[in-house]
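One structure is given below, encoded as structure tokens.
The values are calculated or read from the model by the stated rules, or taken from the named source; none is laboratory data. On a predicted model such as this, the values are computed, not experimentally measured, just so you know. No Cβ is skipped: glycine too gets one built from the backbone with ideal geometry, and neighbour counts run over all protein chains shown. Just the protein is used for accessible areas: all its heavy atoms, side chains included, with ligands, DNA and RNA removed. Shrake-Rupley method; radii C 1.70, N 1.55, O 1.52, S 1.80 Å.
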Amino acid sequence: MNNEVTFKIHLIPNGISFICKAGETILDAALKAGIELPHGCTKGGCGVCKIKVKGKVDFGRVSKVMLTDQEKESGFCLSCRAVPLEDLEISLIDGSMVKVIRYDDFYSFLFKTRANL
Amino acid sequence: MPFRISRLGYVEVKVLDLDDALDFYTNVLGLRLVERLGNKAYLKTWDDQLAYSVILTESDTAGMVRAAFRTVDPEDVDYFERKLKQYEVPYEVIPEDYKRGKALRFKTPSGHTFEIFNEIEIPGNYLPKESPDPWPRDLKSDAINPPKIDHTLITAPDPTKMIKFCEEVLEFRATEYIVNNEGQPIAAWLYQARQQPHDLAIVPGREAGMHHFAFHISSAQDIFRAADIMVMNDVKIDWGPGRHGITRGSGIYFFDPFGNRIETFGGYTAYLYDPGAKPIVWTEETMGKGIFYYERKLVETFLTVYT
């Protein structure tokens, strides 16, 4: 039995979904799924990983310059710090496609431990 | 012309949580806490003679508050006051600060707050003054323990103008430049009396941006040891261990828990730049190798990620 709480994150315009564990950041879950969301410092300081988000998230500890209160209200988050509180829909700010790395079975075995350190 | 600035004295950096910051800066990086006062903490490296070299300030953003350069002699502060007047740079005289005397505080054309000071308490490093051993016996065995602060790299919307300001008004001298196709310097590595590759470096970017500040690490072996400690503590490494073509330094770029980039820098680097020696020049074609020697190209985060 696996009672672990997970959330589904739908990525547009790619039209694909991936699973995020409770407490895991959007960026961590995306990178584990081979979805190359842009990111920088991964500590909420540089703002490079800002994305659009629909759905409730815990924004985490972020720089108020890089993610303003107004941006939080209007559907933006920093993916490196944001933790889903329900199923989400996300997209890049410019709406472009996100690069997705598809590993074959062998490589997916090698890469499945990948974490966003 | 004599050198009138000795080196980078201290940087003040914003952190989102002072408790977490102190845990990282003392236990992982291995700085010593001098004193915590309100929302600020003053820290120093084990070989620093001056009262402190890093100030952490709790804030709601990351990034640099100020960088302070210490003059060689007390009179040099007056010299720079005349110089700031001459160039019509608005400045404030700050009569005193924590364990420090008078400082001139002003904004650079890049929007950064700089200070020039001389008087500061000099408690000495963590070694005895008489017959010292080469390093303190009580260094934390699983911390990085850099001996000293080294330099800071900042970003400027008009780097050519900022470089000129630092050279003309603050009398920095260049060890190395990146020049554009018109021959204009768009990035510079600038030194003072220490005559080491850089106390201050400037690259193009946002106003008042801090790309990183750096601690000196003596050997490449110690840089690998620092990398081990970063991995042991899940520290986000941005680049390295690697080598810069510019400065020849080995280094690691990594982030503090709030996204401020720090570098451990050194190894086979410490060339002495003799006053009068011509600066080294890199071009837009070769700058990839200049910044990241082994990769021979800029990693994307170099120009986009900073606080």
Where A:Ile35 falls short, out of the listed (1) within 12 Å of chain B (Cβ to nearest Cβ); (2) at pLDDT below 95
(1)
Only one of A:Lys64, A:Lys50, A:Lys54, A:Lys72 that is over 9 Å from the mean Cα position of the chain (by Cα) and away from chain B (no Cβ under 14 Å)
A:Lys54
Would you confirm, using the coordinates I've provided, whether B:Tyr273 is within 14 Å of another protein chain (Cβ to nearest Cβ) and within 19 Å of the chain's Cα centre (by Cα)?
no
Flagged in the range A:73-88 as open to solvent by less than 60 Å² (accessible area, probe 1.4 Å) and either over 15 Å from A:Cys46 (Cβ atoms) or in contact with a Pro (Cβ under 6 Å, 6 or more places away or on another chain) (or both), in numbering order, are A:Gly75, A:Val83, A:Pro84, A:Leu88
Somewhere in the range B:76-91, is a residue more than 14 Å from every other protein chain (Cβ to nearest Cβ) and in a strand (DSSP E or B)?
yes
Any idea which residue in the range B:31-49 is farthest from the other protein chains (Cβ to nearest Cβ), counting only those that are open to solvent by less than 10 Å² (accessible area, probe 1.4 Å) and assigned to a loop (DSSP other than H, G, I, E, B)?
B:Asp48
Count of the range B:265-304 residues which are open to solvent by less than 30 Å² (accessible area, probe 1.4 Å) and aromatic (Phe, Trp, Tyr):
5
Consider A:Cys41 carefully, then state whether it is open to solvent by less than 30 Å² (accessible area, probe 1.4 Å), within 14 Å of another protein chain (Cβ to nearest Cβ) and in contact with a Lys or Arg (Cβ under 7 Å, 6 or more places away or on another chain).
yes
Filtered residues of the range A:18-38 (kept if over 29 Å from A:Lys64 (Cβ atoms) and surrounded by fewer than 16 Cβ atoms within 10 Å (Cβ to Cβ))
A:Ile19
Checking the structure you have, find out if any residue of the range B:204-217 is outside the structural domain of B:Gly30 (by the TED database), under 18 Å from B:Gly30 (Cβ atoms) and open to solvent by 10 Å² or more (accessible area, probe 1.4 Å).
yes
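Tell me, yes or no, whether the range B:230-239 has at least one residue that is in contact (Cβ under 8 Å) with a residue 60 or more places away in the chain, within 21 Å of B:Pro279 (Cβ to Cβ), open to solvent by 10 Å² or more (accessible area, probe 1.4 Å) and of a type in the set (S, T, N, Q).
no
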For A:Leu110, the lone unmet condition from (1) within 14 Å of chain B (Cβ to nearest Cβ); (2) at pLDDT below 80; (3) open to solvent by 50 Å² or more (accessible area, probe 1.4 Å) is (1)
A careful count of residues in the range B:287-307 that are at the interface with chain A (Cβ under 9 Å from one of its Cβ atoms) and without any contact (Cβ under 8 Å) to a residue 12 or more places away in the chain gives 2
Given (1) surrounded by fewer than 16 Cβ atoms within 10 Å (Cβ to Cβ); (2) in contact with a strand residue (DSSP E or B) (Cβ under 9 Å, 6 or more places away or on another chain), index of the condition B:Glu168 fails:
(2)
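Residues are listed down the side, and each one gets a yes or a no for (1) within 20 Å of the chain's Cα centre (by Cα); (2) of a type in the set (D, E, K, R):
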| position | (1), (2) |
| --- | --- |
| B:Arg225 | no, yes |
| B:Val231 | no, no |
| B:Gly288 | no, no |
| B:Thr301 | yes, no |
Counting only residues that are buried (at least 20 other Cβ atoms within 10 Å of the Cβ) and outside any strand (DSSP E or B), how many does the range B:148-164 have?
3
When the residues of the range B:246-264 are filtered to those that are open to solvent by 10 Å² or more (accessible area, probe 1.4 Å) and more than 17 Å from B:Asn145 (Cα to Cα), which remaining residue is farthest from the other protein chains (Cβ to nearest Cβ)?
B:Arg248
Taking the condition of being under 26 Å from B:Tyr52 (Cα atoms) and either touching a Cys at 6+ places or on another chain (Cβ under 6 Å) or within 14 Å of chain A (Cβ to nearest Cβ) (or both), how many residues in the range B:209-235 meet it?
10
Answer with yes or no whether B:Gly249 is within 21 Å of B:Ile202 (Cβ to Cβ) and among the small types (Gly, Ala, Ser).
yes
Tell me which residues, restricted to the range B:3-30, are out of contact with any helix residue (DSSP H, G or I) (no Cβ under 8 Å at 6 or more places or on another chain), part of a strand (DSSP E or B) and away from chain A (no Cβ under 14 Å).
B:Ser6, B:Arg7, B:Leu8, B:Gly9, B:Tyr10, B:Val11, B:Glu12
Just to check your reading of the model, which residue among B:Val65, B:Val77 is in contact (Cβ under 8 Å) with a residue 40 or more places away in the chain, among the β-branched types (Val, Ile, Thr) and open to solvent by 10 Å² or more (accessible area, probe 1.4 Å)?
B:Val65
